[in-house]
Amino acid sequence: MGLMDNIKKAQEMAQQAGQGGQGNMSPSAGDVEYANLAMKLNQNYLTDDAVNAYQPAGRFQIKADPDDTSKVMLYGQA
């Protein structure tokens, strides 16, 4: 490999790095939805009563989405 080959390879690597390092890799719709939910929840903090109700080692009723069991809703104490 000559000097010009090394320069060309370095330019190609720099171009890929400018595109995220993985070519045209972009977040999935699920990733975007999760990020949006996290930002929304971060902006809307729980009230003091709600924080006191949900303490570690507490027992709660929940309902899970049958299509995506990673999504649940708390229904209060069990």
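The values are calculated or read from the model by the stated rules, or taken from the named source; none is laboratory data. The model shown is predicted, which means the values in this text are computed figures rather than measured ones. We place every Cβ from the backbone using ideal geometry, glycine too, and count neighbours over all the protein chains shown.
When the range 31-54 is limited to residues that are of a type in the set (A, V, I, L, M, F, W, C) and surrounded by fewer than 11 Cβ atoms within 10 Å (Cβ to Cβ), the one that is nearest to the chain's Cα centre (by Cα) turns out to be Ala38. Sub-9 Å Cβ pairs linking a first residue in the range 51-62 that is within 10 Å of Gly76 (Cβ to Cβ) to a second residue that is surrounded by 10 or more Cβ atoms within 10 Å (Cβ to Cβ) and of a type in the set (Val, Ile, Thr), at least 6 apart or interchain, are Ile62/Val72, ordered by first then second residue.
May I ask you to verify whether Ala38 is at negative phi, small (Gly, Ala, Ser) and free of Cβ contacts under 8 Å to residues at least 60 places away in the same chain?
Numbers: at negative phi: yes; small (Gly, Ala, Ser): yes; free of Cβ contacts under 8 Å to residues at least 60 places away in the same chain: yes.
Here the answer is yes, as Ala38 does meet what is asked.
Would you call Asp5 modelled with pLDDT of 75 or more, at negative phi and of a type outside the set (Lys, Arg)? When the stated conditions are applied, Asp5 does not pass them.
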